[in-house]
Structure formats: C-alpha cells, structure tokens
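Inspection log for the structure reproduced underneath, given as structure tokens.
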Amino acid sequence: MSAVSSAAIGGTGIIKTYHVVTADAAQAMNLLCTVRAEKLNRILSEIMLSTETLKNYARAEFEGVEKLQEDASYAKAFSDKLVGPAVSTAENTQGAVAVYLRFSPELTDSQSGFFYSRERGGSDFEKQIPTDLSVYDKTDTEHVGWFYHAKENGKGIWMDPYFNKNIGVQMISYVIPIYKDGYFLGVVGLDINFEYLQEIVSETTVYRTGYAFLTSDTAKVVYHKDISNGTDLETYNNGEFQDFAGLLKQEQESSGDTLYSYIYNGVPKNASFLSLVNGMKFVLTAPVSEIEENLNQLIKQVIIQMLFILAVAVCISICVTRKLVKPLIELNTAAQKIANGDLDVLPTCHSHDEIGTLSESFRQTVAHLKHYIDYINNLAYRDLLTGVKNRTAYLEAGTKMDEMIRLKKPEFALAVFDVNNLKAVNDALGHEFGDVFKRADSIMYENKTEKKKAKS
C-alpha cells in the first residue's frame, strides 16, 4: 500500500511539475519578448516624439497660408529657418538617416521644402534635392507614398521598410501631416536605418536555436533570418504558418503562461509575440524540443527522487511489517506446539502493546493447563485416600521396567509393603482412624523414598 501511495504521490508530483515548468517556460519567453519589444518601442517612440516635436515647431513658426501663397520666397525662407532644428533633431535621434519638410504642391512649388540625409556610414547630414512631387502619380507608393499616405490618414504613419537607392540604406519612415487653420500645409518626416532595428531583433536569442523576427500587421515578413522580406506568412511553405499568421493579424498578444504553436519546415515550434507602436509584430520563437529539454531533465530528477523515496518507503514498510508480524508468527508457532501437547515452549514477546498482552495471555493459559494436567495425573495415578500410587501407576511403572530390562538397564528395585493388623485398628478405633493411619503410613513411605533419592 505504501508503494502504491508513493507511486501515486510521485505521479501527481510529476504532472504538477510538468504544468509548473511549462508555465514557467512560457512566462520566461513572454518576459523576454516583452523586454525586447519594449526596447524597440522606446526607439520607435523616440522617433515619433522627435517628428512630432518638429511638426509642432513648424506649425508654431508658420505665419499663414496667405503668406505662403502671396510670397514665393516665403517657402524657402521658412524652410531655411527649420533646417537647423530639423537636422539637430535627426542627429539626436538614434538610427536617423534622413529628415525632411515638404510643402503641399497645391500651395507652392512641387519641390519646395528640404531634404537632408547621410549616406551609409556617414556622420553628417547633407542637403539633397527634394523629390519633385509633380513627376509621380499620387498612387505611386514607392516614390511618393510617404507624402500622400500621411495626407490621407490625417495623422502620423509608419511606412513599411524599403530600400532607398539614393543613400543605399534599408529604412523605415515616420511621417506626420501638418495642418493649420484647416489647411494641409505639407509633411515632416524622419527616415530611420532599419538595420538599426534589425540588429536588436537579430541579437535576440532564446534557448539554443530560438530567435526573433518581425512581421507587418498583415502577417508579411518585415525581417526574418531565413525568409525574404515581404513574404506572406499565410501562404508561405504550403500554409505552415496559416493559423499563426491569422493570430498575427489580430490584436491578440502573448501574455502570462500562453504560447502559440506552429510548424516551420516540419519542426514544431512555440512562439510569443507582441505588437509594436508602429503596428509591426515582434515574434520570439523556439523549437518545442528545446523548450521541453529542461523540463525533461527536471522530470528525470523528480522520477529519480521519487524512486529513491519509494525504495526507502518500501524498506521502512518491510521493517515495520516484520516487527509487527514476527511476534504474531511466534505466537502462532507456540499455539501449534501447545495444541500438540508441548507446554514448555512459550512466547517471548514482552511488549506493552496488544501483541504483548496476547503473549501474556498465552503464558497464563499454559500455566493453568500445566496445573490442570498435574491435577488430572494425580487423580489418574494416585489413591485419593492415601496419596500412594495406584494400580495404574504401578502398571505403567512395570511397563517402563520391562523396557529397561529389554534395553539392559535394569537399575531398579521392587519393594512390597503391607500394613499389618489394619482390620484390628479399624475394628477397635473405627474406619476413619484406619484411613488416617493409612495416610500417615503412605506419607512416611514417600518421605523415605525422597531421602533415598536425595542421597543417590
């Protein structure tokens, strides 16, 4: 029973350990995902704040639409006034590679405003020729999407990462439309080297081969160490990511002890993900086998400890059982010998428990039996009146003598006594006195016999 109980307790412990460790693994991944996502969000939020500050400064310094429309030189003068604060803002923003202010072509020249950038590896922001907005159609997302998408949304927007051929940098842009007095004046924006964000993502590892990647809010790859940018995860690799891609499209995020499962190249994986302030999804993923590796080791340790405890419990159970059963076996053996007539073997247990009480009862019973047997033997082999051995005793003694003669051990003697004139005593003094006389005579005989035995 103790073994069964120990096994049941151990099994329950293993199950609980599995759930606890699994929950801890999920919480650890979610925590790492949160920490890394917050680091990215701090960078993105700094970019948003810098651009917002530049927009507010432009609105505050802008004198009015009429001024812009009436004075052709005002657009250049206003742009020149903002260049210094704009470049300074870009220089103090991590990862910034370009800063710009562009006026609406409906109010002024299609190239009015400014554009400053620095090439890959460069430190200084240099003046560049602004894009001529009149050259491209409003639907040309590649060239002028940054301008018209911001205008259409009426608020700051993040552009998907793209490669800028002019400066040779993969970048991501944040653009804010400028409105004043109900007029759309233009946009201000910052371009960020996307490799700066990629570095944070690529250096994020978990377990042995776990890694992080980025997707858009539509589950398209933004950055992945193995999958090309722009790949739709919902259809990738025969739909392995389909269910997981559906989760990425939702507002749902990972938290607590929840992880999401998917298959990648036939390998089961668990993932944690969070939404970034720019709408992208930061995903942390690792193979299930690696996540459960530590769990399996812990379970092995629990099993070993359980087996050790089980072995100890069995040993203790055996010792306790033997301690309890041994006196019972001894009592049973004694009872069988007593039943067979052997009254010289008695239980040796002297404990103060129920078994000790039972042993004492056995001893008292044997003592009583011996007493009764002696009494019965006395009745069977002695005369009630005289106490002298009767005919049965003498016949038995004769049988023993015959056996001794047969074995050639005739060391015995035979004496016959008679009480003379017993009738005269009975007639003169009465039968009762005669009986007393016979008993006295038998006592004298017994005493003489005992003395002879003592001398020999």
Next item on the list: Please find, within the range 59-74, the residue that is nearest to residue 278 (Cα to Cα) out of those that are of a type in the set (A, V, I, L, M) and out of contact with any strand residue (DSSP E or B) (no Cβ under 6 Å at 6 or more places or on another chain).
Entry: 60
Item checked: Per-region count, the range 71-92, residues of a type in the set (S, T, N, Q), farther than 13 Å from residue 127 by Cβ and surrounded by 15 or more Cβ atoms within 10 Å (Cβ to Cβ) -> 1
Check: Out of all the residues in the range 229-255, which are touching a strand residue (DSSP E or B) at 6+ places or on another chain (Cβ under 7 Å), among the small types (Gly, Ala, Ser) and either surrounded by 13 or more Cβ atoms within 10 Å (Cβ to Cβ) or farther than 13 Å from residue 216 by Cβ (or both)?
Finding: 254
Margin query: What pairs come out if I take residues in the range 388-412 that are in a loop (DSSP other than H, G, I, E, B) and pair them with residues that are at pLDDT below 70 whose C-beta lies under 8 Å away, six or more apart or interchain?
Written below: 388/382; 388/442; 388/445; 388/446; 390/381; 390/382; 390/383
Margin query: Here is a list: 277, 302, 283. Which entry is surrounded by 14 or more Cβ atoms within 10 Å (Cβ to Cβ) and modelled with pLDDT under 85?
Written below: 302
Next item on the list: Keeping to the range 208-224, report how many residues are under 25 Å from residue 100 (Cα atoms) and either surrounded by fewer than 18 Cβ atoms within 10 Å (Cβ to Cβ) or in contact with a His (Cβ under 9 Å, 6 or more places away or on another chain) (or both).
Entry: 0
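Hey, can you tell me all the residues within the range 32-48 that are more than 22 Å from residue 175 (Cα to Cα) and either among the acidic types (Asp, Glu) or surrounded by 19 or more Cβ atoms within 10 Å (Cβ to Cβ) (or both)?
33, 36
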Check: Among the residues of the range 60-75 satisfying the criterion of being in a helix (DSSP H, G or I) and among the small types (Gly, Ala, Ser), which is farthest from the chain's Cα centre (by Cα)?
Finding: 75
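For residues that are assigned to a strand (DSSP E or B) and over 19 Å from residue 114 (Cα atoms), scanning just the range 169-192, find the one that is nearest to the chain's Cα centre (by Cα).
So, considering only residues that are assigned to a strand (DSSP E or B) and over 19 Å from residue 114 (Cα atoms), the one nearest to the chain's Cα centre (by Cα) is 170.
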Notebook entry, point to check: What are the residue pairs meeting all of these: first residue in the range 119-148, first residue farther than 18 Å from residue 174 by Cα, second residue modelled with pLDDT under 90 and part of a strand (DSSP E or B), Cβ atoms under 8 Å, and 6 or more apart or on different chains?
Noted result: 119/169; 120/169
Check: Could we say that residue 107 is surrounded by 13 or more Cβ atoms within 10 Å (Cβ to Cβ), assigned to a loop (DSSP other than H, G, I, E, B) and hydrophobic (A, V, I, L, M, F, W, C) here?
Finding: yes
Check: Could you say whether any residue in the range 186-207 is free of Cβ contacts under 8 Å to residues at least 12 places away in the same chain, crowded, with 17+ Cβ neighbours inside 10 Å and closer than 23 Å to residue 289 by Cβ?
Finding: no
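The values are calculated or read from the model by the stated rules, or taken from the named source; none is laboratory data. Source: prediction; values computed, not measured. Every residue, glycine among them, receives a Cβ derived from its backbone with ideal geometry; neighbour counts consider all protein chains shown.
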